[in-house]
Amino acid sequence: MPASSTDDVVWPEDAVEVGRILDAWGIKGWIKVQPYSSDPQALFSSRRWFLQPPEAPRAVKPGTVLPRLLKITDAKDHGDVVVATAQDVPDRAAAEALKGARVFVSRASFPSAEADEFYWVDLIGLEVVNRQGERLGTVADLMDTGAHSVLRVLDDSGSSEPVERLIPFVGAYVDQVDQSARRITVDWGLDY
């Protein structure tokens, strides 16, 4: 990789991890990416993918430098993965050197969500209150159960052990998501 491809890269403040590079795909420098979403539109909406090394240590060939930025020239669905080509990744060997890299995209480049649709990254950190105005905690994470998403809400305000609540993220329980107020109102009791 050319030195300029890693030296002058400005990391976006709103970078969101959206996948990881599994391996090379083919012989012409294509890479195979495992998206973290079942709908990988964030990968398709941006032509600038930012890379970080894998969290788990891996053997790296001496002299291999992981670029901080890939300028994507083509990306498409391929079953459960995304395959893509990038400038400065001319062949299979260059693509194999990226194996395990974590892929980040600027949140600003995500496609706009439809009404009543939300990106998980936008919900994490929001305060959750019930209809009575009682604070249930803060969204720490979300889980995908297949049928729907579930808010994992942690309340560490009352005791030494945080209380965890799992609230289905469906209209029957979620009354309102107010991103500007950073609050989700739900039909959920303190004792649930």
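The values are calculated or read from the model by the stated rules, or taken from the named source; none is laboratory data. As the structure is a computational prediction, the values presented were derived from the model and not from experiment. Cβ placement follows ideal geometry from the backbone for every residue including glycine, while neighbour counts extend to all protein chains displayed.
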Residues satisfying the stated conditions in the stretch 172-192, i.e. part of a strand (DSSP E or B) and either β-branched (Val, Ile, Thr) or out of contact with any strand residue (DSSP E or B) (no Cβ under 6 Å at 6 or more places or on another chain) (or both): 174, 177, 178, 184, 185, 186
1 or more residues among the hydroxyl-bearing types (Ser, Thr, Tyr): qualifying strands (runs of 3 or more DSSP E) within the stretch 65-171: 69-78, 81-86, 102-106, 135-144, 149-155
What residue, of 13, 55, 17, is modelled with pLDDT under 95 and in contact with a strand residue (DSSP E or B) (Cβ under 6 Å, 6 or more places away or on another chain)? 17
By residue number, the members of the stretch 106-147 that are on the phi > 0 side of the Ramachandran plot and at pLDDT below 90 are 116, 146
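Is one or more of the residues making up the stretch 72-79 outside the structural domain of residue 170 (by TED's automatic domain parsing) and closer than 30 Å to residue 184 by Cα?
no
For residue 72, indicate whether it is of a type outside the set (Asp, Glu), modelled with pLDDT of 90 or more, surrounded by 17 or more Cβ atoms within 10 Å (Cβ to Cβ) and within 30 Å of residue 148 (Cα to Cα).
It is false that residue 72 is of a type outside the set (Asp, Glu), modelled with pLDDT of 90 or more, surrounded by 17 or more Cβ atoms within 10 Å (Cβ to Cβ) and within 30 Å of residue 148 (Cα to Cα).
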Identify, please: which residue in the stretch 98-117 is of a type outside the set (Val, Ile, Thr) and buried (at least 20 other Cβ atoms within 10 Å of the Cβ) and is, among those, farthest from residue 24 (Cα to Cα)? 104
